[in-house]
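Before any comments, here is the structure.
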Amino acid sequence: MDALTLARWQFAIVTVYHFFFVPITLGLSIAVAIMQTAYYRTGNEAYKKMTKFWGKLFLINFAIGVATGIVQEFQFGMNWSQYSRFMGDIFGAPLAIEALLAFFMESTFLGIWIFGWERVPKKFHLASIWLVAIGSNLSAIWILAANSFMQQPVGYAIRNGRAEMTDFFAIITNGHLWVQFPHVFFGAVATAGFLILAISAFQLVKKEKHEVFKKSFKFGAVYALVGSLLVVLVGHTQAQYMVKVQPMKMAAAEALWDSENPAAMSLFTFGDEKNRKDVFAIKIPGALSFLAYNKFSGEVKGINNLQKEAEQKFGPGDYVPPIAISYWTFRIMVGAGFLMLLIALLTTIQAFKSKFEFKPLWYKIVFWSLFLPVIANSTGWLFTELARQPWTVFGLFQTADSVSNTVTAGEVAFSLIAYTLIYAVLMVIMIGLMIKFANRNIDEIEKEEAEVDNSVLTKA
Amino acid sequence: MDFNTIWFILIAVLFVGFFFLEGFDYGVGILLPFLGKEDRERRAIINSIGTFWDGNEVWMLTAGGAMFAAFPNWYATLFSGFYLALVVMLLALIARGVAFEYRSKKDDPVWHNRWDWVIFVGSFVPALLWGVAISNLIRGVPIDDKMNFTGNFFTLLNPYSLIGGVASLLLFTLHGSIFLTLKLTDNLLESARKVANKLWLPATVVLFAYVILGYFDTDMFSKLGINPGAVPIIAGLAILSVGYLLKIQKEGWAFVMTGITIAFSTITVFMGLFPRVMVSSTNPDWSLTIYNASSSPYTLQVMSIVALIFVPIVLAYQAWSYWIFRKRVSTKQKLEY
């Protein structure tokens, strides 16, 4: 394999891996902050237990998110130096601001939060977890501002052989950012919601009707419902936006070979990617036009037409992203999203009935639903990055030109193997700890913590 | 002063902050398996930096981000050129970051011991490699007329950069040991004092050897003149004073002095570099400078405004967090990590 292919594999692996943990950080930080606010307001010990229980799981996840984030910050220069030269004038700014504005805030206040129980005034302690949550989510805005430029370049000029920023506000008010951030944000809320639901279900199976986990379960259900509902709604807006700014991406998502008006939506296509035709397909007439324009007519452009347009604009070349993988990642993401919505809705309705009661089977379903948002998050990113190919920056700069020209295939192979191995080991360790802490008896947490310290104190 | 110069200074400041702060927590990580005899001692050592290490590491991330934003060609050439060294450093930092959080999450001596060594290696490797990297910036590496690094991994390993690596390793470890004399109690305090006293002489000798070698291997001092000016001299005097301050147990001052040594040595290197950011050993004209490596004036201006607003805020709340957790850590207290 050549250096470019290896570098692309590496980027995909380290980035998807990093994004297993990021949504949990974004969503769970806010969830823990809400729980602690409830404790602060009511003084109810149940909320304190919830804060500590979910806070611990948050920390186990956060550590690995931070550690794998270091690679994210450095890999543009390391593996994509030509991209960094072309885009640094624009791309570097949001990254630097992310570190300065968000990373400092979340790391410093997380330190205060972990070590501050009983050491700083309650109000400051509560404020510190909120600042962690705000910091984490601010970081998402800045990195998505950078990514949005890659999807839809705005506020720039091509000068001195590179893209130069001409309007900072255009970059942070990029329309793409403000459909993409809500999508990522509510996806994160849903992810955290399902995590809370799954672990609460697991605990409730062990010990029925435990007050703290009943509360957590209800919280998780509502959180998952709000997240799933809004991620689907925003997703719809986002798709309509995509038709406008990245029509090729939409055509790839639908495996729409030729322009149609009204355009049919594919339910299932088994296609021949090489010859660009369907082998077998089930389609709903007019539905794609509806998806794109909220009415049953209107042209949606096809892959062949867009390829021709691109050739006219950019010269000869292949401007078609990998279709099969775009088509299926998009479908898996959307399918997982709707399934999440359905499960969250049914669970919420049941959880708020006068009698809190679930069948063991439903607990099982809820538990395994934990993986739905993870699948949706990963396929969503794979889709949005792969269906932009061959571009790294849409219409401006191609992936093949982005890779570091001085890093050899052997060097990338080494780093690819090394990262993959260390990430695999960390995953095993992290899941082990998650299970251990998800399994804890919540009534003994405080006792456990206290005993350790007392035993030491008496020894001394 | 133009924006290019301002950003050169700002990145120097970020590296000073990074080396000063993360310097001592690397040192603490390196000393962990040797100073702590039993579990609670090791936990106390880790807890002494527990609140701070993550915030300290952000100084490095911010320095990296600022290089990307202000001097994209510097970021691109340096990070792709020093590829394998950086991969090794990143692997170390990934493991180290997880280790602090995970170490005490299980009550198992084998588990603890493994993570302690992860923390050791995870601190040792970057403490060494940063010295190697910075030395190579100023010594010069092969760079062609397209700003591409044309050497390989072994180009980076030369006597000057290796001594630079040992110097940063020893200096950070000394800085860490003195930090621990300010943060620990009882037996641990005594052990930290002993280690600091032992480390001072080798750290000082290697640092001076590094400076002398710098006269031969770099143009840093020929640029600065026979009398190199106040900055490097203060760095030298500061490290000399540390030995005496440790003897009379003025550890607070000793810490200030190792801090000054780290800060002023870093500033010396940046002064030697200016206006270059990476020296080309192939042809001096192909060196990367604050002009040919920089972003557009507009981006530098935008980033200057951002930095002007947020750097003071960050400094304020980070200083505040150090103030809140200023107390010494004892093995007899509640330990979070």
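The values are calculated or read from the model by the stated rules, or taken from the named source; none is laboratory data. Quick caveat: nothing in here was measured; it's all calculated off a predicted structure. No Cβ is skipped: glycine too gets one built from the backbone with ideal geometry, and neighbour counts run over all protein chains shown.
Out of the residues in segment B:24-45 that are at pLDDT below 95 and of a type in the set (Gly, Ala, Ser), state the one that is surrounded by the most Cβ atoms within 10 Å (Cβ to Cβ). Per the criteria, the residue is B:Ala44.
Residues in segment B:73-86 that are within 10 Å of chain A (Cβ to nearest Cβ) and out of contact with any strand residue (DSSP E or B) (no Cβ under 9 Å at 6 or more places or on another chain): B:Tyr75, B:Ala76, B:Phe79, B:Leu84, B:Leu86. With respect to the conditions (1) facing another protein chain (nearest Cβ under 7 Å); (2) modelled with pLDDT of 95 or more, B:Met89 falls short on a single one, namely (1).
Please enumerate the residues belonging to segment A:387-411 that are of a type in the set (A, V, I, L, M), assigned to a helix (DSSP H, G or I) and under 16 Å from B:Val87 (Cβ atoms).
Our first condition is that a residue be of a type in the set (A, V, I, L, M); within segment A:387-411, this holds for A:387, A:393, A:396, A:400, A:403, A:407, A:409.
Adding the requirement that they be assigned to a helix (DSSP H, G or I) leaves A:400, A:409.
Selection gives A:Ala409 alone.
If I filter segment A:430-439 for residues that are surrounded by fewer than 17 Cβ atoms within 10 Å (Cβ to Cβ), outside any helix (DSSP H, G or I) and modelled with pLDDT under 95, do I get at least one hit? Scanning segment A:430-439 turns up at least one residue that is surrounded by fewer than 17 Cβ atoms within 10 Å (Cβ to Cβ), outside any helix (DSSP H, G or I) and modelled with pLDDT under 95. The set of residues in segment B:100-115 being in contact with a Phe, Trp or Tyr (Cβ under 9 Å, 6 or more places away or on another chain) and more than 9 Å from chain A (Cβ to nearest Cβ) consists of B:Arg103, B:Ser104, B:Trp111, B:Trp115. Taking the criterion of being in contact (Cβ under 8 Å) with a residue 12 or more places away in the chain, in a helix (DSSP H, G or I) and facing another protein chain (nearest Cβ under 7 Å), would at least one residue in segment A:114-130 satisfy it? Checked against the condition, which is being in contact (Cβ under 8 Å) with a residue 12 or more places away in the chain, in a helix (DSSP H, G or I) and facing another protein chain (nearest Cβ under 7 Å), segment A:114-130 yields at least one hit. Given the structure, is A:Trp113 among the aromatic types (Phe, Trp, Tyr), farther than 17 Å from A:Gln72 by Cα and over 21 Å from the mean Cα position of the chain (by Cα)? Yes.
With respect to being touching a Pro at 6+ places or on another chain (Cβ under 8 Å), surrounded by fewer than 22 Cβ atoms within 10 Å (Cβ to Cβ) and touching a residue at least 12 places away in the same chain (Cβ under 8 Å), A:Phe394 fits the description.
Every residue, every condition in (1) of a type in the set (Ser, Thr, Tyr); (2) at pLDDT below 95; (3) surrounded by fewer than 21 Cβ atoms within 10 Å (Cβ to Cβ), yes or no:
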| position | (1), (2), (3) |
| --- | --- |
| B:Phe221 | no, yes, yes |
| B:Leu224 | no, yes, yes |
| B:Gly229 | no, yes, yes |
| B:Val242 | no, yes, no |
| B:Lys247 | no, yes, yes |
| B:Ile262 | no, no, no |
| B:Met278 | no, yes, no |
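Across segment A:61-76, the number of residues qualifying as at the interface with chain B (Cβ under 8 Å from one of its Cβ atoms) and farther than 15 Å from B:Gly64 by Cα comes to 6.
Residues in segment A:87-104 that are among the small types (Gly, Ala, Ser) and at the interface with chain B (Cβ under 7 Å from one of its Cβ atoms): A:Gly88, A:Gly92, A:Ala93, A:Ala96, A:Ala99.
Quick check on my filter: what residues within segment B:138-173 are part of a helix (DSSP H, G or I), within 14 Å of chain A (Cβ to nearest Cβ) and buried (at least 22 other Cβ atoms within 10 Å of the Cβ)?
Of everything in segment B:138-173, just one residue is part of a helix (DSSP H, G or I), within 14 Å of chain A (Cβ to nearest Cβ) and buried (at least 22 other Cβ atoms within 10 Å of the Cβ), namely B:Leu156.
A:Asn454 satisfies every condition listed in (1) modelled with pLDDT of 85 or more; (2) surrounded by fewer than 17 Cβ atoms within 10 Å (Cβ to Cβ) except (1).
Would you list the helices (runs of 4 or more DSSP H) that sit entirely within segment A:238-331 and hold 2 or more residues that are of a type in the set (A, V, I, L, M, F, W, C) and farther than 29 Å from A:Ile375 by Cβ?
In segment A:238-331, A:303-314 are the helices (runs of 4 or more DSSP H) which contain 2 or more residues that are of a type in the set (A, V, I, L, M, F, W, C) and farther than 29 Å from A:Ile375 by Cβ.
Condition first: of a type in the set (Lys, Arg) and more than 15 Å from B:Val329 (Cα to Cα). Now tell me which residues in segment B:21-79 satisfy that. If the condition is that a residue be of a type in the set (Lys, Arg) and more than 15 Å from B:Val329 (Cα to Cα), then B:Lys37 is the only one that fits.
Can A:Phe86 be described as aromatic (Phe, Trp, Tyr) and within 22 Å of the chain's Cα centre (by Cα)? Answer is no for this residue. Is it the case that A:Lys277 is charged (D, E, K, R) and over 28 Å from A:Thr392 (Cα atoms)? Criteria not met by A:Lys277. Looking at A:Ser107, A:Ser84, A:Ser136, A:Ser148, just one residue is more than 11 Å from every other protein chain (Cβ to nearest Cβ), under 24 Å from B:Ile94 (Cβ atoms) and either not in a helix (DSSP H, G or I) or not aliphatic (A, V, I, L, M) (or both), and that residue is A:Ser136.
Considering every residue within segment A:153-172, establish whether at least one is away from chain B (no Cβ under 14 Å) and outside any helix (DSSP H, G or I). Yes, segment A:153-172 contains a residue that is away from chain B (no Cβ under 14 Å) and outside any helix (DSSP H, G or I). Could you tell me whether A:Asp2 is more than 14 Å from chain B (Cβ to nearest Cβ), farther than 17 Å from A:Ser136 by Cα and in contact (Cβ under 8 Å) with a residue 12 or more places away in the chain? Yes. Taken over segment A:296-319, the residue count meeting the criterion of being surrounded by 14 or more Cβ atoms within 10 Å (Cβ to Cβ) and among the hydroxyl-bearing types (Ser, Thr, Tyr) is 1.
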